[in-house]
1. So if the hydrodynamic radius of the range 34-79 is defined as the Kirkwood radius over C-alpha pairs, what does Stokes-Einstein give as its diffusion coefficient at 20 °C and 1.002 mPa s, in µm² per second?
2. How large is the accessible surface of ILE133 in square angstrom, using a 1.4 angstrom probe and rounding to the nearest 10?
3. What's the carbon and sulfur percent of the chain's accessible surface, probe 1.4 angstrom, rounded to a whole number?
4. Along the Cα-to-C-beta direction of TYR63, a point sits 7 Å from the Cα; which residues of the range 6-23 have their amide N less than 11 Å from that point?
5. Just how much of GLU64 is accessible, in Å², when a 1.4 Å probe is used and the result is rounded to the nearest 10?
6. Rank by packing, highest mean first: peptides 49-58, 88-97, with packing defined as the count of other Cβ atoms within 10 Å averaged across residues.
7. Going down the list LYS101/LYS138; LYS89/LYS138; LYS95/LYS127, which pairs span over 25 Å between their C-alpha atoms?
8. If I take every Cα pair under 8 Å that is 6 or more residues apart in the range 31-124, average their sequence separation and divide by the length, what percent do I get for the relative contact order?
Amino acid sequence: MRFRDRLANFMNGRYGVDKFNRFLMIVSFATMLIAFITGLIPVFPVRIVSWVFWGLTIALIAYEYFRMFSKNISARVKESYWYERMYNKVRGIFKVRPDHKTHKIFRCPNCAQKIRVPRNKGKICIKCPKCRIEFIKKT
């Protein structure tokens with residue numbers, strides 16, 4: 001039996017690697033880098049920071065392998081779903097609309113409806129399509 005077959009047989013029924021595990025790997029690499037850099041500074045309080053980051057690195061790597069080899073797939077799927085929700089929230093904050101250079105988004109002061117208007121038109125009177133209230137904004 002080849003190594004590849006033995007590995008596939010070992011991973012059968014286990015969770016494996018997902019996006020959350022990849023994120024944990026990147027974070028553990030970053031903490032390892034910080035621990036290494038702070039370890040080069042010979043000042044004692046900075047060395048304590050280095051030890052803390054090494055401990056955090058080891059804990060993250062242990063958690064990665066725990067998730068990867070876990071047979072409790074439903075719990076790992078819940079964790080992955082939680083990560084996807086948080087990722088999408090953070091990504092939504094930094095998301096740029098394709099028309100952000102040509103149009104501006106305003107909210108109606110009455111009903112909070114989003115209204116898209118062209119940029120660089122000066123002060124214009126905007127009429128909300130939902131509640132029909134008019135308000136003036138500078139584009």
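1. Working: Rh = 12.2 Å.
D, rounded to a whole number, is 175 µm²/s.
2. Rounded to the nearest 10, that gives 60 Å².
3. Numbers: 6840 of 10670 Å².
Answer for the chain: carbon and sulfur cover 64 percent of the accessible area.
4. The answer is 21.
5. 10
6. Details: 49-58: 15.7, 88-97: 8.4.
In decreasing order of mean packing, 49-58, 88-97 become 49-58, 88-97.
7. Numbers: LYS101/LYS138 15 Å; LYS89/LYS138 29 Å; LYS95/LYS127 27 Å.
Violating the 25 Å Cα-Cα cut-off are LYS89/LYS138; LYS95/LYS127.
8. Values: 52 pairs, mean separation 13.5, N = 94.
Worked out over the range 31-124, it gives 14 percent.
The values are calculated or read from the model by the stated rules, or taken from the named source; none is laboratory data. Values in this document were obtained by computation on a predicted structure and should not be read as measured data. All Cβ positions, glycine included, derive from the backbone under ideal geometry; neighbour counts span all protein chains shown. For accessibility, only protein heavy atoms count, side chains too; no ligands or nucleic acids. Shrake-Rupley method; radii C 1.70, N 1.55, O 1.52, S 1.80 Å.
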